[in-house]
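Structure first, commentary second.
The values are calculated or read from the model by the stated rules, or taken from the named source; none is laboratory data. Not measured: the values here are computed from a predicted model. Ideal geometry is used to build each Cβ from the backbone, glycine not excepted, and the neighbour counts take in all protein chains shown.
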Amino acid sequence: MPELPEVETTLRGITPHIKGQTISKIIIRQRQLRWPIPDEIKSLTGLPVEEITRRGKYLFWQTPAGHLIWHLGMSGSMLILPIDDESESPRRQSHEFTKHEPEKHEHVVFEFNNGLSLRYRDPRRFGALLFTADDPNQHKLIRSLGPEPLQSEFNTDTLYQACRNRTAPIKHLIMDSHIVVGVGNIYACEALYLAGINPKRKAGKISKQRIEKLVSAIKTVLQAAINQGGTTLQDFNQADGKPGYFKQSLNVYGQRGRPCSICSSKIRQIKQAQRSTFYCANCQR
DNA sequence: CGAGCAACCTGCATGC
DNA sequence: TGCATGCAGGTTGCTC
């Protein structure tokens, strides 16, 4: 779910409340996420969270004992609440759960010495919470990741090189985390629209000039989404419980049958690698 | 090596 | 109203 802008929004939302704070309690209600949550994270109780950083769609929490590695999967989100306050959250308006009863799908709670708690909610449980005592960048899941899309290491040359001799459709390539991290289904569709490139086009047959446009479009759309707090479709929320506002800026994703904002022809929806792709067949060649 | 696809899990929209 | 079906922001790991 969350793509890079949503993870970055989460990072910015939780950092001021948690960075430097000491963990007073860790509650694991459901350890069966994508992988089981390792027991050893319980031993982080009493330690401070020294730094919170992001790599692709992963969040790292640095402690004196090692790093927590978080992934939000398709439906994960984090919420900051006072420890004792079960009633004020926008999510908690439902009467389905009484006060002090954990919300459904709230699988992990961290409590801190400053009186705040972080609540991890993930209905589909595709997310992950792992621990490593070593350099997290050397972790199996992290070390083979491609460049950060908003940094200069991701540029026309790197993407053009990655496309050489590749027959797969370009959408496939820009969603491949070994080529560039953070671009999921929504922003892949949106970036290809901005660049005027048909998502089905074979990656190896796109000119360097058009790859340059695509790199620029990816950076533009991700930065714009971050500026608006990400995209909320269903599950995602910012750390204060508010939705992201980029949904109203989507040109093609979820817009099947609606007029293209450039040429007014109907936005099409197709399937590529079992994922929905939205595009304008007139503007994207 | 690359391409294709099943798997993990729950909730929601749609159609009969 | 109920039930079956298909779809959803991601990623690994299998087969060919």
*State all residues of region A:252-266 that are within 15 Å of DNA strand C (Cβ to nearest atom) and within 14 Å of A:Leu192 (Cβ to Cβ); if no residue qualifies, say none.*
A:Val252, A:Tyr253, A:Gln255
*asked:* Just the residues that are in a strand (DSSP E or B) and farther than 18 Å from A:Met74 by Cβ, please, taken from region A:237-271.
replied: A:Tyr245, A:Pro259, A:Lys266, A:Arg268, A:Gln269, A:Ile270
*Consider only pairs whose beta carbons are under 9 Å apart and that are at least six residues apart or on different chains; among these, list those whose first residue lies in region A:160-172 and is in the same structural domain as A:Val183 (by TED's automatic domain parsing) and outside any helix (DSSP H, G or I) and whose second residue is among the basic types (Lys, Arg) and away from DNA strand C (no atom under 14 Å from the Cβ).*
A:Arg166/A:Lys202; A:Thr167/A:Lys202; A:Thr167/A:Lys205; A:Ala168/A:Lys202; A:Pro169/A:Lys200; A:Pro169/A:Arg201; A:Pro169/A:Lys202
*Please find, within region A:40-61, the residue that is nearest to the chain's Cα centre (by Cα) out of those that are closer than 16 Å to A:Thr132 by Cβ and surrounded by fewer than 18 Cβ atoms within 10 Å (Cβ to Cβ).*
A:Thr53
*Single residue of A:Lys219, A:Lys213 found to be at pLDDT 95 or above and either closer than 18 Å to A:Gly56 by Cα or acidic (Asp, Glu) (or both)*: A:Lys219
